[in-house]
Amino acid sequence: MIDTLNLIAMLLTIAFGLIGYLAPRFTMKQLGLKTDGSNMGYSEIRAANGALFVGVGAGALFLSTPAAFVMVGFLYVGAALGRITGIIFDNAGSRKSWSYFGAEALLAGYLLIANL
């Protein structure tokens, strides 16, 4: 059962990453981000919100070890920490930001608890 849930978690990670990687304009719109006329913002979204997650998800599947899945869990811990910090200190507590936080915290919790 854990193997199946790990697979699902990595496929979700890769899918989330593919959205950022292949559709940076859509991702920026969903996140309320805008460029200042430079294309660097799209490049950053492709890298940090896209290909990074594709790479970690695919890498964890390739290695297929508990340690690899735990590391992806820590990635989600970092994302959830950044998200909750923004919600608290930047007054960014929208339904969308809470939903993203919930998804990140859920994936972090599962991956750490199931694989440690």
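The values are calculated or read from the model by the stated rules, or taken from the named source; none is laboratory data. Values in this document were obtained by computation on a predicted structure and should not be read as measured data. No Cβ is skipped: glycine too gets one built from the backbone with ideal geometry, and neighbour counts run over all protein chains shown. Side chains are part of the model used for accessible areas, which takes the heavy atoms of the whole protein and leaves out ligands, DNA and RNA. Shrake-Rupley method; radii C 1.70, N 1.55, O 1.52, S 1.80 Å.
Pairs of Cα atoms under 8 Å, at least six residues apart: use those to get the relative contact order of the chain, whole percent. Taking the mean separation of contacting Cα pairs over the length of the chain, I get 28 percent.
What the phi angles of region 105-114 give under the Karplus curve with 6.51, -1.76 and 1.60, with θ = phi - 60°, is a coupling list of 5, 4, 5, 4, x, 4, 4, 6, 5, 6 Hz, glycine and proline written as x.
Given a 1.4 Å probe and every protein chain left where it sits, what share in percent of the accessible area of the chain is carbon and sulfur? Mind showing how you got there, number by number?
Working: 4960 of 7160 Å².
After summing per-atom areas, the C and S share lands at 69 percent.
Helix-only arithmetic for the chain: the sum of -39500 (n - 2.57) across DSSP H runs with n ≥ 4, divided by the residue total, places the mean residue ellipticity at 222 nm at -26500 deg cm²/dmol. Rolling a 1.4 Å probe across the protein heavy atoms gives the chain an accessible surface of 62 Å² per residue.
What does the extension gain come out to for I88 and F26, with contour length at 0.36 nm per residue minus their alpha carbon separation? Don't jump to the answer; show the numbers that get you there.
On the way: separation 62, 0.36 × 62 = 22.32 nm, distance 2.55 nm.
Difference between extended and current length: 19.8 nm.
Between S43 and L12, the distance separating the two model label sites (each 7 Å from Cα on the Cα→Cβ line) works out to 3.3 nm.
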